[in-house]
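In what follows, a structure is listed as structure tokens, so that the remarks can point back to it.
The values are calculated or read from the model by the stated rules, or taken from the named source; none is laboratory data. These figures come from a predicted structure and were not determined experimentally. Cβ placement follows ideal geometry from the backbone for every residue including glycine, while neighbour counts extend to all protein chains displayed. Ligands, DNA and RNA are stripped out before the accessible areas are found, and what is left, the full protein with its side chains, is counted by its heavy atoms. Shrake-Rupley method; radii C 1.70, N 1.55, O 1.52, S 1.80 Å.
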Amino acid sequence: MKSHRNRLYEGKAKILYEGPDPDTLIVHFKDDATAFNAEKKAVIDGKGVLNNRICELIFTKLNEMNIPTHFIKRLNMREQLIHKVEIIPLEVIVRNVAAGSICKQLGLTEGEPLPRSIIEFCYKDDALGDPLVAEEHITAFGWATPGELDDIINMTTRINDFMCGLFSAIGIRLIDFKIEFGRQYDGEVSRVILADEISPDSCRLWDVETNRKLDKDNFRRDLGDLVEAYSEVARRLGILKEENGKPKPSKPVLVKSD
Ligand code: UDP
């Protein structure tokens with residue numbers, strides 16, 4: 001189908017279109033899955049719909065808690081209207097339990113609880129493989145100001161507390177997750193808000209009882225059916241009512257400004 005909207009950017013899992021007014025964009029969640037810096041790729045029918053709905057629920061609750069996010073409203077099964085931001089080139093990773101790269105770096109065992117929650121920063125650069133950086137690098141190279149970094153750390157701590165509670169209430173352990181922030185401009189003045197997405201693509205989520213993985217590790221490590229795992233998260237969050245039907249993708253809808 002021909003899109004009548006102006007496509008601004010296509011990433012690994014999402015497409016950005018111009019929004020109905022200059023301060024907004026439309027984000028489209030694709031079914032594409034990538035891992036290991038896009039060395040492993042697949043199209044997984046239904047993933048985009050699930051991520052859109054799960055992200056909507058989390059961002060709506062964060063907005064209600066006065067943690068500002070780019071989310072304005074969901075437009076259809078695959079798309080959201082969002083505030084336009086200038087992305088801060090950092091992946092902010094929160095770890096509650098050891099898994100993934102920290103196990104390799106520090107010789108920890110997967111599943112080992114960490115002494116306390118840890119916030120890490122990676123510099124967003126695919127060619128460099130998103131290297132781990134210190135706060136010193138961030139302010140020295142001007143990727144964020146010291147004030148912005150304070151805001152990022154404060155918001156990240158609140159987001160982790162909220163997310164741990166949200167998932168623990170539905171029998172899921174939040175092992176770790178990745179978030180990104182952006183600058184929202186009002187003339188010359190900017191403020192930092194949560195951008196990108198929070199979904200099972202960007203979190204590690206384990207069932208409390210069985211340790212079953214309900215996240216993208218199903219794809220990365222061929223552990224099981226990814227859509228079934230994401231559907232389980234959506235069902236427990238009360239988003240997906242159907243017991244076993246995969247959600248049907250909808251066609252993109254043109255949004256007009258009035
Ligand atoms: N993560 C992500 N995108 C990335 C890198 C990491 O969403 O480009 C998420 C990942 O899903 C996990 C957390 O950040 O929930 C920590 O990932 P880690 O650093 O352990 O890297 P990985 O083992 O995924 O390569």
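Quick notes on this structure:
- Glu10 accessible area, assembled protein chains, probe 1.4 Å, Å²: 90
- Global form of the stretch 1-137, assessed from the alpha-carbon gyration tensor, a/c cut-off 1.5: prolate
- Virtual spin-label span in nm between Phe141 and His4, 7 Å along Cα→Cβ: 4.3
- Net dipole in debye of the chain [+1 Lys, Arg Cβ; -1 Asp, Glu Cβ; about Cα centre; nearest 20]: 940
- Annotation: the chain has a Kirkwood hydrodynamic radius of 19.0 angstrom, from the mean reciprocal C-alpha pair distance.
- Whether the stretch 85-229 is rounded, prolate or oblate, judged on the alpha carbon gyration tensor where a/c under 1.5 counts as rounded: prolate
- Those lysines that a straight Cα-Cα span of less than 19 Å connects to Lys241, excepting residues fewer than 8 apart in one chain: Lys47
- Which listed pairs, of Lys61/Lys84; Lys104/Lys178; Lys40/Lys124; Lys73/Lys213, have C-alpha distances above 25 Å, in listed order: Lys73/Lys213
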